[in-house]
């Protein structure tokens, strides 16, 4: 590609790099918004299921109360009188039939309501289970897409190195105020929350000190360093009581090196 003499190609490369970064950020934002909507739908289904269960419990309580009242009436009802049999009564003639409870149409109505509400609860549970399975599948898929370039072990880091796209620097930091140089910048571990698997980190990047707090295990931290075309990435894949382990990666070539690798051809 020919350019006019004196024209600086770096602004174009920076503009393209910025555009790629914006597209990546927008894509991650859309994915996170979609996951948030799915979680809200799952929460709404769980609330509806809980409401149906409470309604079923109330209906069953009413049904038990009506049944108990009917049983009490049946016990309290006097035995019907039977005509006296002629002389020589038999044991069958002296026996009395047990009193029977009067029919109450409310029982059938309550039973119908219970059956209908049970169907609704079963349907709601099926929808809830299906939605939960779909959400878990989408969360796992999105997580894999967002963290596909994250190494959780040393072997996975070796596989990333084989791609030849970035330089990788492994580190092990103890909690201290001193800084340790790792690849393109210096880092210092300030706090570890072993229970929550998170940590606080201080960094010195291009003579500027930065703070990163409450960073989670496997959560990537992106840092813009100097004239690199892409940001450096810091990932912690092991957290101990007062120690962390992980790695820092940076682009293979700096902006100046990329320009030299593809020099512009001056006009004749």
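Since every read-out is calculated from the coordinates, none of them should be taken as a lab result. Please read all numbers here as calculations on a predicted model, not as lab measurements. Counting neighbours? That spans all protein chains shown, and the Cβs are built from the backbone with ideal geometry, glycine included.
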Inset, instruction - Round to the nearest 0.05 the FRET efficiency obtained for residue 125 and residue 245 when R0 = 51 Å and r is the Cβ-Cβ distance. - result: 0.70
Inset, instruction - Obtain the nm distance between the two label points defined at residue 111 and residue 191 by a simple spin-label model: each point lies 7 Å from its Cα along the Cα-to-C-beta direction. - result: 6.4
Legend entry - Point-to-point label distance, residue 211-residue 156, nm (Cα→Cβ direction, 7 Å offset): 3.0
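Give, in nm to one decimal, the length gained when the segment between residue 46 and residue 200 is fully stretched (0.36 nm per residue of separation minus the Cα-Cα distance).
Working: separation 154, 0.36 × 154 = 55.44 nm, distance 3.57 nm.
Between residue 46 and residue 200, full extension yields 51.9 nm more.
Share of antiparallel DSSP beta bridges in segment 151-258, in percent to the nearest 5? Write down the numbers at each step before the final one.
Values: 35 of 36 bridges.
Of those bridges, close to 95 percent are antiparallel.
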Inset, instruction - Per residue, how big is the convex hull around the C-alpha atoms of segment 151-258? Give it to me in cubic angstrom, could you? - result: 84
